[in-house]
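See structure below.
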Amino acid sequence: MLRKILMLPLKLLVLPLLLVCMAATALVKLLTNLSSYIIGPLMLFLLGFCVYFIVQQSWNQVAILAVLEILCVVALFGAVCIETLLANVCGALTGFLHS
C-alpha cells in the first residue's frame, strides 16, 4: 500500500510524457506511411533505370542508381525502427502507469 502511495507522484509525471509519446508515435506512423507511398514508386523507377543502364552497359550510372536504391531502403528501415522504438517506449510507460 505504501509503495502505491509513493509511486503516485511519479505516475502523475508520467502521464503527460505518455501523451507526448503517443502523439509522436501517431505522427511518425503517419509520416512513415506517407513516405512509403512516395519512396516505393521512386524505388521502382530507380530499379527500371538500373536495368536500362545495365543493358546499355553504362556502369557508372548503375552504381549511382544502386546507391540511391540502397539509401531509399535505409531511409524506410530507419523510419520503421524509430516507429517501433516509440511504440515500445509508449508501451513501457503505459505498463508503468497501470502497475
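The values are calculated or read from the model by the stated rules, or taken from the named source; none is laboratory data. All values derive from a computational prediction rather than experimental measurement. Areas reflect the complete protein model, heavy atoms only, side chains present, ligands, DNA and RNA absent. Shrake-Rupley method; radii C 1.70, N 1.55, O 1.52, S 1.80 Å.
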- Ellipticity estimate at 222 nm from DSSP helix runs (n ≥ 4, -39,500 (n - 2.57)) divided over the chain, nearest 500: -35500 deg cm²/dmol
- For segment 1-94, diffusion coefficient by Stokes-Einstein and Kirkwood Rh (Cα), 4 °C, 1.567 mPa s, µm²/s: 79 µm²/s
- Task: Using only Cα atoms, tell me the angle between helix 59-98 and the longest principal axis of the chain; keep it within 0 to 90° and round to the nearest 10.
- Result: 10 degrees
- Overall dimensions of segment 1-49 as given by Cα atoms, namely Rg and Dmax in Å: 20.8, 67
- Might you tell me the accessible area per residue for the chain, computed with a 1.4 Å probe and given in Å²? 74 Å²
- Message: Need one value: the accessible area of Val28 in square angstrom, 1.4 angstrom probe, rounded to the nearest 10.
- Response: 30 Å²
- Scattering curve values for segment 47-99, log₁₀ I(q)/I(0), Debye with Cα scatterers, q = 0.19, 0.20, 0.23, 0.28 Å⁻¹: -0.69, -0.72, -0.81, -0.94
- Query: Using a 1.4 Å probe, how large is the accessible area of Leu68, given in Å² and rounded to the nearest 10?
  - Reply: 70 Å²
